[in-house]
Structure formats: C-alpha cells, structure tokens
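All remarks here apply to the structure that follows.
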Amino acid sequence: MYVVETDNLTKYYSRGKIKALEDFTLQVEKGKIFSLLGPNGAGKTTLIKVLLGIVFPTRGSARILGEDISNPGAHSRIGYLAENHRFPEFLTANQVLFYYGKMSGVEPALLKERIPQLLKLVKLENWGDTKIRKFSKGMMQRMGLAQALSNDPDLLFLDEPTDGIDPVGRREIRDLLKNLRDRGKTIFLNSHLLSEVERVSDEVAILKNGRLLQKGTVEDMVSVKQQFTLQLAEGYDLLQALCAELALPLVSQNGSFIVSVRDDAQLNHLIDKLRERQALIRGIVPRKITLEDFFIEVVEEKEVAAP
Ligand SMILES: Nc1ncnc2c1ncn2[C@@H]1O[C@H](COP(=O)(O)OP(=O)(O)OP(=O)(O)O)[C@@H](O)[C@H]1O
Ligand SMILES: [Mg+2]
C-alpha cells in the first residue's frame with residue numbers, strides 16, 4: 001500500500017512565475033524511510049506543504065494515507081516537523097507538547113501520560129518544566145521531533161530534522177527513526193545531510209527545480225555499474241598489460257585498481273587471464289561511491305530549465 005501518492009503534482013507561486021513543483025509523480029510505500037533530496041529552492045518544503053494542505057496545488061492530485069489531500073481526514077494520523085519551526089517561547093516544554101498534542105486531537109489524559117515518554121525519547125526528560133526560550137538550537141529540534149510524535153502518527157513528515165543537532169544526537173535520531181520505521185510507521189524526510197540520509201533511508205528521490213530527477217534505493221544510487229576495485233598481492237604490471245590487451249579502462253586509486261568491464265563474463269575472463277599467469281588476487285569489490293558524489297553528479301549534469 002502506498003502511504004503517499006502524487007500524480008503530476010504542480011505548484012506555481014507568484015502567478016506562475018515561480019515553478020516550485022512541476023508534474024511531480026511519486027509513490028512512497030508503508031513502513032519505509034523515504035528521503036527527498038535537492039538543492040536549496042528545489043521544492044522539497046513546497047511538496048510537504050502541498051501534501052499537508054498548507055498550500056494548494058496549482059494542478060495535479062495526491063493522496064496521503066489513502067485520503068485525497070483536499071480532505072483533512074488523515075491529518076490526525078500525521079506528524080509534522082516544520083523547517084525552522086518556532087514554539088511560543090513563554091511556554092515550557094511540557095506545555096508545548098500538551099497544547100500541540102491537544103491540537104492534534106489527543107485526549108488530555110493520554111497526553112499527560114505520553115509527554116514524559118516523548119521527552120525521554122528525545123533526551124529532554126529533565127527539561128519538561130523549562131521555558132522554550134532557554135533551549136539551544138539542537139534542543140529546539142528535539143522538541144520539534146517530540147511534538148511531531150505527540151499524536152503517535154502513522155506517517156511522519158520531517159523537514160530537516162537533524163539541522164543543528166550534534167553528531168551523537170544525530171545518531172540517536174537516526175536510531176529513533178529506524179525504530180519508528182520498524183514499528184510500521186512511514187517517515188518522509190527532507191534533508192541536506194547526505195551522509196545521514198545514506199545511513200537511514202530505504203528509498204531516496206532527488207528533486208531539482210521542482211522536477212523529479214532520480215528515485216531509487218540508496219544501494220542503487222551508490223553502486224557504480226560494472227566497475228570493480230581489484231586488489232592484487234602481486235602482478236600489477238600484468239594487470240595493466242592485460243587491460244591494455246583487452247581494451248578495458250583501468251585507473252589506479254589509493255594502491256588498488258578500478259577496472260571497468262562490460263559484463264560479468266568480461267570480468268571473469270580478466271580474472272581467468274590473471275590467474276593463468278599466476279597473479280595473486282587479494283580482493284575484487286564492486287565499486288561504490290557516496291550518496292553525496294551521486295547527488296552532485298545528478299544535480300550538476302541533468303540541467304533542468306530554471307524557472
Ligand atoms: N510562499 C512562497 N511564495 C513565492 N515563492 C515561494 C514561496 N515558498 C517557496 N517559494 C519558492 O519556491 C521554490 C521552492 O522553495 P522550497 O522552499 O520548496 O524549496 P526547498 O527545496 O525546501 O529549499 P531549501 O533546501 O532551501 O529548504 C523556491 O524558488 C522558493 O523561492
Ligand atoms: Mg525547505
């Protein structure tokens with residue numbers, strides 16, 4: 001079942017001058033951590049706002065939790081951490097969670113029980129009676145996360161959740177998100193922290209100028225098709241000679257060699273030749289790049305007309 005489905009979703013601002021989202025079609029499955037990546041101004045926040053009914057689409061349609069976005073019926077099952085959110089500074093953490101939880105339709109008695117658990121979950125258990133104005137940036141983000149979870153949502157929209165959070169805190173949040181996912185929740189994440197996204201996401205989409213450029217698993221994006229890193233104990237001269245003979249591109253990198261082959265048969269042919277001539281192979285590893293490398297390649301190469 002798809003928890004988020006969009007169909008040619010389009011949003012123009014300023015009477016059509018700004019094309020924030022253009023024919024955006026996407027499906028997100030239940031129980032996944034889905035991340036949307038894109039440069040500043042790509043349309044990530046606009047997409048979340050359209051899905052939540054905060055701004056209206058120019059055209060196209062979308063459903064969340066099976067309900068059309070024009071129908072607020074699903075909202076009580078959704079949690080939302082807004083980008084650059086602000087809470088009233090004169091309220092304490094307990095009060096914020098109480099008021100926001102009530103606005104999400106949670107019974108006061110249930111909230112009273114749940115608030116200490118939420119604060120514990122985001123490591124703010126000793127700050128319940130402290131006013132928000134005394135909170136650091138990272139603590140504000142943690143509060144935002146606790147607030148987004150106050151109605152025990154099935155679907156969570158998090159816009160830059162780890163912005164301003166230190167590395168230990170980011171790991172805790174990653175673990176928390178995985179834990180929620182393992183309990184069947186669906187998490188829709190907007191983030192610029194690509195190493196974070198790489199560690200936590202089941203699926204990733206890349207957006208630029210309002211258009212979807214790529215979608216797939218992290219594994220799909222970081223595996224370089226048909227390139228292998230070869231490590232030899234000895235026989236590098238032989239490898240170079242064989243690659244020249246077989247017309248296989250070969251580059252050296254940090255003491256190993258990266259060879260490009262057409263298919264598995266060609267790789268095995270190369271290995272046979274190497275072994276025939278007594279080269280000592282230590283390892284053959286499919287080549288991987290980081291999500292950041294992939295992201296930069298996609299965003300810089302596939303130029304889409306600017307709005
Ligand atoms: N209320 C608005 N009125 C006019 N233009 C807007 C409005 N909100 C966003 N935009 C424009 O829409 C485009 C997409 O903005 P959006 O905030 O969705 O990007 P983003 O991908 O979330 O960027 P960031 O990574 O910086 O958060 C930008 O060109 C932005 O200037
Ligand atoms: Mg944004």
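Bear in mind that the values in this text are calculations on the coordinates, not laboratory data. None of the values given here were measured: they were computed from a predicted structure. Cβ coordinates were reconstructed from backbone atoms using ideal geometry, including for glycine residues, and neighbour counts include every protein chain displayed.
Would you mind computing, in nm to one decimal, how far apart the modelled labels at L238 and D272 are, each placed 7 Å from Cα along Cα→Cβ?
Roughly 1.6 nm, to one decimal.
Could you work out how much longer the chain between T92 and M1 gets when fully extended? Use 0.36 nm per residue separation minus the Cα distance between them, nm to one decimal. Walk me through the numbers before you get to the answer.
Numbers: separation 91, 0.36 × 91 = 32.76 nm, distance 3.91 nm.
Contour length minus the Cα-Cα distance gives 28.8 nm.
Can you give the % of DSSP beta bridges in the stretch 107-255 that are antiparallel, to the nearest 5? Before the final figure, lay out the partial values.
Numbers: 5 of 10 bridges.
The answer is about 50 percent antiparallel.
Amide H to amide H, which residues 5 or more places from L213 or on other chains are under 5 Å from it, using H placed in the peptide plane?
Result for L213 returns I206, L207, K208.
Using only the alpha-carbon atoms, what does the stretch 224-287 span along each of its principal axes? Please give whole angstrom values in decreasing order.
Over the stretch 224-287, Cα extents along the principal axes are 27, 24, 18 Å.
Going toward the positive end of the dipole of the chain, with +1 on Lys and Arg Cβ and -1 on Asp and Glu Cβ, which of V168, G73, L212 do you reach last?
Among V168, G73, L212, the one farthest towards the positive end of the dipole of the chain is G73.
Rounded to the nearest Å, what's the spacing between the alpha carbon centres of the stretch 95-110 and the stretch 174-199? Just the number, please.
25 Å
Specify the residue with the greatest mean-square fluctuation among K102, K112, K273, computed from a Gaussian network of the chain linking alpha-carbon atoms under 10 Å apart.
K273
What span do the alpha-carbon atoms of the stretch 13-109 cover on each of the three principal axes, reported in whole Å from largest to smallest?
44, 30, 26
Output the antiparallel fraction of DSSP beta bridges having both residues in the chain, as a percent to the nearest 5. Mind showing how you got there, number by number?
On the way: 36 of 53 bridges.
Restricted to the chain, the bridges split so that about 70 percent are antiparallel.
Rg and Dmax of the stretch 2-216 over Cα atoms: what are they, in angstrom?
In Å, with Rg to one decimal and Dmax whole: 16.9, 49.
Can you figure out the FRET efficiency of E107 with D129, using R₀ = 30 Å and their beta-carbon distance, to the nearest 0.05? List each step's numbers first, then the result.
Details: r = 22 Å, r/R0 = 0.74.
E(calc), rounded to 0.05, equals 0.85.
Using the basic label-point model (7 angstrom from Cα toward the beta carbon), what is the R171 to N84 distance in nanometres?
3.2 nm
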